[in-house]
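The values are calculated or read from the model by the stated rules, or taken from the named source; none is laboratory data. This one's a predicted model, so the numbers in the text were calculated from it and none came from an experiment. Here the Cβ positions follow ideal geometry from the backbone for every residue, glycine too, while neighbour counts run over all protein chains shown. These accessible areas exclude ligands, DNA and RNA; they are computed on the full protein's heavy atoms, side chains included. Shrake-Rupley method; radii C 1.70, N 1.55, O 1.52, S 1.80 Å.
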Amino acid sequence: MLMSRFNMNSPHIDELKSSPVDTAPTDTSPAEWQRVSPIAVIYFLLTNIKHALNLWPALVGMLANQHARAWLFTYGVPVLVLVVLGFAFLSYWFFRYQFDAEKIQIRSGIFNKKRLTLNFERVQEANLEQAIYFRPFGLWTLRLESAGSSKEEIALPGISEALALEIKQRVLSSKEVVSESSAGEAKTLVDFSLKLNLLDLIRYGLMHNTMIYLVAIVAPLLGQNDALWRSMANFVERLGITQWLFDYLAVHNAIVGVFVVAILLVVFFIAIYSLSIVLAVIKYWSYSLVAQGERLQYEAGLFNRVACGFRKHKLQTIIIKQSLLARLLNRYSLEIRQTNERATAGAPTQGFIIPVLTVDQLDEVLSLLNVDEPHWKRTRAIQILWHSLLWGGLLTVALAVFAQLSAVISLLWIILPIPLVSLISWKAWYSKRFSLSANGFAIRRGLLGYSIAYIPQVKVQKLELAQGPLGRFHTCGTMTVWSGATRESINYVDLSKLNTCHATILQKVANFKGHWM
């Protein structure tokens, strides 16, 4: 199985809807510029609120000052509400659209007028989304992703399902290249299907708990607000918890105190993970995936329904993830990225997501995407020594200075960083691998869990080889690979292996004559 080699440890869519694919688009086009439904004011309102949230650093500063806080709640908040409401209505009023068989045009902007024209043949994907406030009116948002863009270029909110499907069909028709016989075959054959139940979504909430990171970000901000902490302390005091805890510890030993603190931490983590599970259920409720021919499509969402499609030839990068908890649950997550994502390291992306997969399901999907068998190779182990000396040495010096100035910690602590950093460096090196297979290039990395980034060789846009002073000394170097969606880098690789990867990938790209995106 493919995954056994990758794993070093070891609207509902029962079928694709025929209405948007089989029905030929009409040749008639709107004679005049049209407005979307007035209900779309809600869409523009929420969009403006998101933009207004960018002002939160200024609001935090104002809340810390008593006089500024009084002015903010007396005048600032009401004025801000009126401005956001006014801009929402004006954004709706000045938003117009029209389309024909070849393109769609959008006019928008209150002060800075914009007119955007997008040819259907340049559209990467047409996705439908139904927000909860659109559901009672049968309205949808159509999102058109342009090739090479870092984000969705056009969002058409508050249109009927029939109109959304008609525009989507025009997009599909502009790219249709298969014959009628092959198209008819694709309509009847389902290569792969997947439906996630509630237990799967609970697993996903445990596997991808982003609430832990949110707590780490929010806690320091809350720590700067003394009034908030006093209010929380007064609330806890009124509940009598603090007094009860002190009275209880007064007649019990320290072990009981540690036990009580441990229980409080467990309750805290249960609350955090419960919230993560709730968010996973809201986002991926009734997740259904279907793969037919060259196309994959999924629908999901409890409040906001999303219908997202993807075609195989647009694949730029595949990301396979397994966190520590996912490893315990024996589950994986998979993300397919295409050219509309931003090709920079660490940038947020919105790829085609399959949240939870068993090992057999993952093998099946990888086979469906023509991901070939990896041939893992290790990097040079000398990096463990240099990382330990560099980072361990810096931490040792910092601890020594702190110990001398504060006299709080013993000098014995200064011997801890280097062994600790060495252990972490060894684990990172042990997990880091790279593979040059028949058709793909893959990088595996991780500490507790791991992730694998797989790039088809023919989709590589740019290659870069680099060799610093240490690389020249140890005859190794770094290779960075750019696809249309990601940038992946691997260091401390033998120079001979780097040259082999470089020549092989360039040859593959030069000989490729098929679809690139």
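From the set of residues in region 370-406 that are surrounded by 17 or more Cβ atoms within 10 Å (Cβ to Cβ) and aliphatic (A, V, I, L, M), which is nearest to Lys432 (Cα to Cα)?
In this case the residue turns out to be Ile384.
Restricting to region 458-513, and then to whatever is touching a helix residue (DSSP H, G or I) at 6+ places or on another chain (Cβ under 7 Å) and assigned to a loop (DSSP other than H, G, I, E, B), can you tell me which residue is surrounded by the most Cβ atoms within 10 Å (Cβ to Cβ)?
Of everything passing the filter in region 458-513, Ser483 is surrounded by the most Cβ atoms within 10 Å (Cβ to Cβ).
Could we say that Thr117 is open to solvent by 70 Å² or more (accessible area, probe 1.4 Å), modelled with pLDDT of 85 or more and among the β-branched types (Val, Ile, Thr) here? Don't jump to the end; show me each part of the working.
On the way: open to solvent by 70 Å² or more (accessible area, probe 1.4 Å): yes; modelled with pLDDT of 85 or more: yes; among the β-branched types (Val, Ile, Thr): yes.
Here the answer is yes, as Thr117 does meet what is asked.
Are there any pairs with C-beta distances below 7 angstrom linking a residue in region 378-398 that is among the basic types (Lys, Arg) to a residue that is surrounded by 13 or more Cβ atoms within 10 Å (Cβ to Cβ), with the two at least 6 apart or on different chains, and if so which?
Close Cβ pairs satisfying both conditions: Arg378/Arg433; Arg380/His474; Arg380/Cys476; Arg380/Tyr492; Arg380/Asp494.
Which residue, of Leu189, Leu163, Leu156, is more than 27 Å from the chain's Cα centre (by Cα), at pLDDT 90 or above and over 19 Å from Ala300 (Cα atoms)?
Details: Leu189 fails: at pLDDT 90 or above; Leu156 fails: more than 27 Å from the chain's Cα centre (by Cα).
Among Leu189, Leu163, Leu156, only Leu163 is more than 27 Å from the chain's Cα centre (by Cα), at pLDDT 90 or above and over 19 Å from Ala300 (Cα atoms).
Scan region 89-114 residue by residue and report those that are more than 14 Å from Arg35 (Cα to Cα) and either open to solvent by 70 Å² or more (accessible area, probe 1.4 Å) or under 30 Å from the mean Cα position of the chain (by Cα) (or both). Quick ask: steps written out before the conclusion?
Kept after step one, since they are more than 14 Å from Arg35 (Cα to Cα), are these residues of region 89-114: 100-103, 110-114.
Within region 89-114, Glu102, Lys103, Phe111, Asn112, Lys113, Lys114 meet the criteria.
Yes or no, residue by residue, for (1) hydroxyl-bearing (Ser, Thr, Tyr); (2) touching a Lys or Arg at 6+ places or on another chain (Cβ under 7 Å):
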{"site": "Leu447", "(1), (2)": "no, yes"}
{"site": "Pro456", "(1), (2)": "no, no"}
{"site": "Lys459", "(1), (2)": "no, no"}
{"site": "Lys462", "(1), (2)": "no, no"}
{"site": "Pro469", "(1), (2)": "no, no"}
{"site": "Arg472", "(1), (2)": "no, no"}
{"site": "Thr475", "(1), (2)": "yes, no"}
